[in-house]
Amino acid sequence: MTKAAIAPAGVALPAAEPILRAEPGPIRAFWTRLTARRTAMVGLVIVVALILMAVFADWIAPYDPIATDWGAIRTAPSWAHPFGTDEVGHDVLSRIVFGARASLGAGLTSVALAVALGLPFGLLAGYAGGVIDLLIMRLTDALLAIPFLILAIALAAFLGPSLTNAMVAIGLSATSTFVRLTRAQVQAVAAEEFVEAARAVGNPPWRIAIRHIVPNIVPAILVQATLTIAAAIIAEASLSFLGLGQQPPEPSWGSMLNVAKNFLEQAPWMAIWPGASIFLAVLAFNLLGDGLRDALDPRQRT
Amino acid sequence: MGQDREILLDVRDLAVAFDSEGGAVHAVNGVSYTLAEGETLGIVGESGSGKSVHVLAMLGLIPRPPGRITGGQVLFQGRDLLGLPERELRKIRGGQIGFVFQDPMSSLNPGMTVAAQIIEPLRIHLGLDGRAARARAKDLLDLVRIPNAGARLDQYPHEFSGGQRQRVMIAIGLSCRPKLLIADEATTALDVTVQAEIIALVQELKREIGMAIVWITHDLGVVAGIADTVQVMYAGRILERGPVDDIFRDPRSAYTLGLLRSLPDLSRGRAGRRRLHQIEGAPPDMRHPPPGDPFAARNIYATARCLTEAPPLAQAPGAAPGHLVAAWYDLPAHLAAEEAAR
Amino acid sequence: MKPEPADRYPLLSVRNLSKHYPLRSWWGGKGSVFRAVQDVSFDIRPGETLGLVGESGSGKSTIGRAVTMLNPPSAGTVAFEGTDLAKLSAGEMRRMRARIQMVFQDPYAALNPRMSIGDYVAEPFRLHRPGMARAERRDEVEGLLARVGLDPRFAQRYPHQFSGGQRQRICIARAIALKPSFIVADEPIAALDVSIQAQVVNLLQDLQDELGISYLFISHDLRMVRYLCQRVAVLWHGRVVELAEADALYEDPRHPYTRRLLSAVPVPNPVEERARLRAAALLPPADPDAIGGLVEVAPGHWVADTRYS
């Protein structure tokens, strides 16, 4: 009888009790799931490429983006100017490369602003409830009622049009989304039993919020942030297109489109490249966001 | 009992697996048994035993994918259910085979009146309509002892208590006079007093209608009161099966014994208390089902053979006829030795 | 109800505990109240286990949360080691939680999915012993995990890697970390498989023998309650209808509801099951307000005076 080999001895349960799955922790597992999704990886690669392009623009762009060349106005794509030139002789390729700074910068900065404002307020509203919740939600509703375009125009009118003001306008407009999302997530998580267990062990409210609630809402916020960056890029392009964002001669994909619309027949390349860039950037962030959502969602509760 | 009756259900070597990220989970591994007309079979097991899954698979109710039937046949009145197209299965489900699920809150459509939900199978399977269907629905509510049936027909599920909703589920299950009623943890979510009433009801219905019942539960007490035959499942296999009295009086599987011993004895006073017997360890990971007896790793009576070779379900030596066990070890001998040593 | 003549000072003394929820009328004004718990009184002595049994809607979970002040009572007093818990400030109550702990029903929901189990079990130390050195804390955590039968090396793992029974043991490890004198166990085994229930119950019993913890064991599993508890209180419609020593209650139930409850419990004995008559429909539903106060019908055996129409 080989009892000794298989029979668990007394209280030494570990011998008989297999740790069910020798799985990696949540972060490693999430990464595995994400990299398994091809579309998400495509998105991630493009996003990283665009970011690198924006950061190392000085080394990548062949020309100074604001250097004019009156001798080469509206020339079609050629070896000298792979993307062609615009109406004042700027090299379109260089402007695309440097324009990434405006677009991606606007996208990332405005969403960072929205999260920085929205998360704390949403946390407060969701966890504290009562009058505070009411107050914050009414303020958020008021903010939501202001169309971001009007906000941008107002800011432009008071402070002058600039990329920075555009980013602020976009950021403020997106804040209400994050307040609501955070609040909803906080309320959902706060109802979970482990939060009650945290209270039962003597956690003060601030510790519960930071240590127990926030780590569990990060996935949803991350997904929303990624998707909002895509929307912010379009918003910046729109504002620049209208002349409210990046001011010439600094390049921005949106302002490039603004100028290009007058030359659609003569120099279509002036519009094609910025348009394609916006499209690519937005697509990439959307794919990445979707992939994040899939990779993070079914993680809860195995 | 049951030997000379018609065999209603003949399960042969049924195997079901679910594809998941970590590999295929083999939920059911070679389950074979028969059910005679009018027989009540109690299937006992814990989570992961495959007790619910194999029945759902029989009726084509598991989602495929990720579920897969990897082998076996299920003959119901001679026809292999596994081979039938969905169209044919639908005719049987609710008609010849009635089903009662665990949670009456989610199994009943909150937006439909009770009458509409009872009439649905009547219309589908028996072609009843209008007044005839309604009359039959009222009869069914009377059958499951819901007072004031006529008035309550047009109420919605939320207007009934949990126990009453379960009765309605039973009424729906029985509506077309099925030959077989399957109840999957039908009383688990109910209060103990309500459970007692439902069990009493089912016993009465058995006498009145005489249908065969498969009652799936984890509660040995419920099975003791309801079943003619008991089947104990573990890790997708049947470890023991036999007439109810014999199983409780003379368990031959160490798992059955472990289950019985881990229940506190209600009749013993606190002076006579002994430590609850605990089965050490946990069920095996069904992504890698162990080659031999699945219970071997937790079985203090296991032999070396148990680890490598799966024991067949066979007549237990010296037990009542029809008492089958899947074990290489001799439990009565071990128990006798323990008794002698005391 | 008079305070029990205990030979030891009661650890927990609950008097006239009530929990009401106001029901809003459709016009927004204050309407009637829903009385989840009404006028409940009992004592728990040091090292004792009191069972609280009832069916759904009996208010047993509400009492569990009221006693730990997670959901404070509407009326009545909860005195722990002589201190009225309702009179404590939030900070004082938090510090008191070092001595009163809770084990919840659903081990799958009670663990933070994003916290390693080591951190989870260490949390009481972080909160109540802030001066503790990291190494010492780690040793304590490993000791606790081993005590409940888990390999201490698993401290870095996350909850989803453990089974239900193991998760419940993690919860128990955290509950005993600061050696509390009192633990409220709210249906701690209801979500577990039968063969695992025995493991957890044995663990709870061992810990009581070793550390002298008192338990308030809330459950609907009458068999387990008889096994584990010295005294049992039966709840019905938010009120205690019977309170007695376990043996006395199970062998000589006096209140009709208790009798009905006990007769409904299925026994794993086929012969007995077939033979018994169920006292199922003996009782016309009673108006909760017709349940009166407790009367001592035998030494230590209290029954509620109930009027039936």
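What follows is calculated from the coordinates using simple rules that are stated; it is not laboratory data. Keep in mind the model is a prediction, meaning the values are calculated, not measured. Glycine also receives a Cβ, built like all others from the backbone with ideal geometry; neighbour counts cover every protein chain displayed.
In peptide C:154-165, what is the residue-averaged number of other protein chain Cβ atoms found within 10 Å of each Cβ?
5
Which entries of B:Lys179/B:Lys206; C:Lys19/C:Lys87; B:Lys138/B:Lys206; B:Lys51/C:Lys60 have Cα-Cα distances beyond 23 Å here?
B:Lys51/C:Lys60
I'd like to know which of C:Ile176, A:Gly160, B:Ala171 lies farthest towards the positive end of the charge dipole of the protein assembly as shown, counting +1 on Cβ of Lys and Arg and -1 on Cβ of Asp and Glu.
Checked the options; the winner is A:Gly160.
Pull out a ≥ b ≥ c, the square roots of the eigenvalues of the alpha-carbon gyration tensor of the stretch A:225-302, then state rounded if a/c is under 1.5, prolate if not and a/b is larger than b/c, and oblate in the remaining case.
Prolate is the answer for the stretch A:225-302, as a/c is 1.5 or above and a/b outweighs b/c.
Compute the distance in nm between two label points, each set 7 Å from the Cα along the Cα-to-Cβ direction, one at B:Ala132 and one at A:Ala67.
The modelled label-to-label distance comes out at 9.3 nm.
Label points 7 Å out from Cα along the Cβ direction at A:Leu139 and A:Ile51: separation in nm?
3.1
When you count, for each residue, the other Cβ atoms within 10 Å and take the mean per peptide, how do A:130-141, A:233-244, B:14-25 rank with the highest first? Kindly include the intermediate steps, with their values, before the conclusion.
Working: A:130-141: 13.8, A:233-244: 24.2, B:14-25: 17.3.
By packing density, highest mean first, the sequence is A:233-244, B:14-25, A:130-141.
Roughly speaking, what is the centre-to-centre gap between the stretch B:10-69 and the stretch A:70-141 when only Cα atoms are used, to the nearest Å?
That distance is 55 Å.
Partner chain Cβ atoms within 10 Å, averaged over the residues of C:107-119 - can you pull that number for me? Mind showing how you got there, number by number?
Working: counts 1, 4, 8, 8, 4, 12, 9, 13, 6, 2, 0, 0, 1.
Per residue, the number of nearby Cβ atoms from other chains is 5 on average.
How far, in degrees from 0 to 90, does helix A:26-36 lean away from the longest principal axis of the Cα atoms of chain A, to the nearest 10?
Orientation of helix A:26-36: about 50 degrees from the principal axis.
Within the stretch B:161-203, which residues have the backbone N less than 19 Å from the label spot 7 Å out from B:Ala151 along Cα→beta-carbon, could you tell me?
Under cut-off, by backbone N: B:161-162, B:164-165, B:168.
Between 0 and 90 degrees, rounded to the nearest ten: what's the tilt of helix C:164-176 against the longest Cα principal axis of chain C?
On a 0 to 90 degree scale, this one is about 80.
Counting only helical runs of four or more DSSP H residues, what would the 222 nm mean residue ellipticity of the protein assembly as shown come to if each run contributes -39,500 (n - 2.57) and the total is spread over all its residues?
-13500 deg cm²/dmol
If you average the sequence gap of Cα pairs under 8 Å that are 6 or more apart and divide by the length of the stretch A:51-300, what percent do you get for the contact order?
Working: 385 pairs, mean separation 57.3, N = 250.
Reported as a whole number, the value is 23 percent.
Rank by packing, highest mean first: peptides A:40-48, B:55-63, B:149-157, B:227-235, with packing defined as the count of other Cβ atoms within 10 Å averaged across residues.
B:227-235, B:55-63, A:40-48, B:149-157
Rounded, prolate or oblate: which fits the stretch B:206-335, taking a ≥ b ≥ c as square roots of the Cα gyration tensor eigenvalues, rounded meaning a/c under 1.5, else prolate when a/b beats b/c? Show your work: numbers first, answer last.
Details: a/c = 1.59, a/b = 1.17, b/c = 1.36.
Oblate shape, in that a/c is at least 1.5 and b/c is the bigger or equal ratio.
Expected output is a single nm value to one decimal: the length gained when fully extending between B:Glu86 and B:Ser32, i.e. 0.36 nm times separation in residues minus the C-alpha distance. What is it?
Stretched out fully, the B:Glu86 to B:Ser32 stretch lengthens by 17.1 nm.
With a 10 Å Cβ neighbour count serving as the proxy for reagent exposure, in which order, fewest first, do A:Met270, B:Met105 appear?
Starting with the residue having the fewest Cβ neighbours, the order is B:Met105, A:Met270.
Decide, for the stretch B:77-214, between rounded, prolate and oblate: order the square roots of the alpha carbon gyration tensor eigenvalues as a ≥ b ≥ c, take rounded if a/c falls under 1.5, and otherwise choose prolate if a/b is larger than b/c, else oblate.
Note, shape of the stretch B:77-214 comes out oblate.
Provide, in order from the shortest bin, the percent of all Cα-Cα pairs of the protein assembly as shown in each 10 Å bin, continuing until the bin that contains the maximum pair distance.
Whole-percent P(r) values from 0 Å outward: 2, 10, 16, 19, 19, 15, 9, 6, 4, 1, 0, 0.
I'd like the Kirkwood hydrodynamic radius of chain C, using the inverse of the mean 1/r over distinct C-alpha pairs, in Å.
Over chain C, the inverse of the mean reciprocal pair distance is 20.8 Å.
Run through the DSSP bridge list for the protein assembly as shown and note the antiparallel percent, rounded to the nearest 5.
Around 60 percent of the beta bridges assigned by DSSP in the protein assembly as shown are antiparallel ones.
Which order results if B:Val168, B:Val202 are arranged by neighbouring Cβ count within 10 Å, fewest first? Don't jump to the answer; show the numbers that get you there.
Working: B:Val168 25, B:Val202 21.
Ranked by crowding around the Cβ, least crowded first: B:Val202, B:Val168.
May I have the pair-distance distribution P(r) for chain A, computed from all Cα-Cα distances with 20 Å bins from 0 and rounded to whole percent?
27, 45, 20, 6, 1
What percent antiparallel are the DSSP beta bridges of chain C, to the nearest 5?
60
If you place +1 on the Cβ of every Lys and Arg and -1 on the Cβ of every Asp and Glu, how big does the dipole about the Cα centre of chain A come out, in debye to the nearest 20? Could the numbers behind the result be given before it?
Details: 19 positive and 19 negative charges, 216 e Å.
So the magnitude is around 1040 debye.
I'd like the orientation of helix B:192-209 relative to chain B: the angle between its Cα long axis and the longest Cα principal axis, in ° from 0 to 90, rounded to 10.
70
List A:Trp206, B:Trp328 from most exposed to least, where exposure is judged by having the fewest other Cβ atoms within 10 Å. Before the final figure, lay out each step's value.
Values: A:Trp206 9, B:Trp328 19.
Ranking A:Trp206, B:Trp328 by Cβ neighbours within 10 Å, fewest first, gives A:Trp206, B:Trp328.
Starting at the first residue of the stretch A:93-103, write each ³J(HN,Hα) from the Karplus equation 6.51 cos²θ - 1.76 cosθ + 1.60 with θ = phi - 60°, in whole Hz, x for Gly and Pro.
Here the 3J(HN,Hα) series is 4, 4, 5, 5, 4, 6, x, 4, 4, 5, 5 Hz.
Distance from the Cα centre of the stretch B:123-171 to that of the stretch B:280-321, in angstrom?
If you average the Cα positions of each part, the centres end up 45 Å apart.
Can you figure out the FRET efficiency of A:Leu159 with A:Trp79, using R₀ = 51 Å and their beta-carbon distance, to the nearest 0.05?
That pair, A:Leu159 with A:Trp79, gives E of 0.75.
Enter the mean number of other protein chain beta carbons within 10 Å of the beta carbon of each residue in B:18-24, as an integer. Provide the component values of the computation, followed by the final result.
Working: counts 0, 0, 0, 6, 3, 0, 0.
Partner Cβ neighbours, averaged per residue: 1.
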